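K.L.:
Below you will find the structure I want to go over with you.
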Amino acid sequence: NPLVLVNKRILYGILFNAASETLLRLGKDPKHLGADIGIVAILHTWGQTLTEHPHLHCIVPGGGLSPDGKKWKRSKKSKYNKFFIHVNIISDLFKKKFLYYFMKAYKNKELKFIGKVKSIGSKKEFYKLLNSLYEKKWITYCKRPFGGPKQVLEYLGRYTHRVAISNNRIKRMENGKVVFEYRDYRDNTKKEMALSPVEFIRRFMLHILPEGFFKIRY
């Protein structure tokens, strides 16, 4: 995350490239769909407490168009007839795609290494980081919409132009601190957090995107 913060345009761009190429390639693979799929991808950079959590939400149909564009094809191996590709296959290819572009950006000297991440800029430390990322199991999350496609589109539609925190989550000023509400997903309950105004503004500003950056792509 600290490396992403000083390289937002490059690394957010890699996130989009890796995700879209993963889904399009697996869609075209005859072992899965053998079809051209569609994707709508939306970038979010925050978690519930306004800390850095860059991730993409992707809306993907449970099938695609045949190469000649005349037939709708569904997944061959999915447990559900109208679902997509197994999440482990997506995770593995996404990791490889992301790290390929990450290494390419380093070799092309496109990444900045300043402040907290200055030490990672040396060849030895960068490849140490790269190797540790290859060794990790990467997680993508993939599920069918329980309420149907309309529910998914309405849900994400509400979030497309939302910023890191909405006004209704900011509850009050108390003892010189900003108190806001967040959901703790560990026990799925709503809680409150109090931050100094400076820390609150600092966290909010982490999520300002580079000028002209498109956070919704298709």
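The values are calculated or read from the model by the stated rules, or taken from the named source; none is laboratory data. From a predicted model like this one, the values you see are computed outputs, not experimental measurements. Using ideal geometry, Cβ is built from the backbone for each residue, glycine included, and neighbour counts are taken over all protein chains shown. The protein model used for the area step is the full one, side chains on, heavy atoms only, and it has no ligands, DNA or RNA in it. Shrake-Rupley method; radii C 1.70, N 1.55, O 1.52, S 1.80 Å.
K.L.:
Going through region 1-56 one residue at a time, which ones are modelled with pLDDT of 95 or more, β-branched (Val, Ile, Thr) and in contact with a Phe, Trp or Tyr (Cβ under 6 Å, 6 or more places away or on another chain)?
P.N.:
Answer for region 1-56, where residues must be modelled with pLDDT of 95 or more, β-branched (Val, Ile, Thr) and in contact with a Phe, Trp or Tyr (Cβ under 6 Å, 6 or more places away or on another chain): Ile14, Thr22, Thr49.
K.L.:
Looking at region 183-199 only, could you name the residues that are within 20 Å of the chain's Cα centre (by Cα) and open to solvent by less than 50 Å² (accessible area, probe 1.4 Å)?
P.N.:
Within region 183-199, Asp184 is the sole residue that qualifies.
K.L.:
Then there's this: Looking at Lys143, Lys171, which is the one that is modelled with pLDDT under 95, basic (Lys, Arg) and out of contact with any Pro (no Cβ under 6 Å at 6 or more places or on another chain)?
P.N.:
Lys143
K.L.:
Here is a follow-up. Has region 156-172 got any residue that is open to solvent by 90 Å² or more (accessible area, probe 1.4 Å), over 17 Å from the mean Cα position of the chain (by Cα) and not basic (Lys, Arg)?
P.N.:
yes
K.L.:
Is it the case, given these coordinates, that Gly27 is of a type outside the set (A, V, I, L, M), under 15 Å from Leu93 (Cβ atoms), outside any strand (DSSP E or B) and in contact (Cβ under 8 Å) with a residue 24 or more places away in the chain?
P.N.:
For Gly27, the condition - of a type outside the set (A, V, I, L, M), under 15 Å from Leu93 (Cβ atoms), outside any strand (DSSP E or B) and in contact (Cβ under 8 Å) with a residue 24 or more places away in the chain - is met.
K.L.:
Using the structure shown, decide if Arg202 is open to solvent by 50 Å² or more (accessible area, probe 1.4 Å), in contact with a strand residue (DSSP E or B) (Cβ under 7 Å, 6 or more places away or on another chain) and without any contact (Cβ under 8 Å) to a residue 12 or more places away in the chain.
P.N.:
No, not satisfied.
K.L.:
Suppose we filter region 111-140 for residues that are part of a helix (DSSP H, G or I) and either open to solvent by 90 Å² or more (accessible area, probe 1.4 Å) or hydroxyl-bearing (Ser, Thr, Tyr) (or both); how many remain?
P.N.:
Qualifying residue count for the region: 10.
K.L.:
Would you mind stating whether Phe180 is within 25 Å of Ala19 (Cβ to Cβ) and at pLDDT 95 or above?
P.N.:
So Phe180 fails the test.
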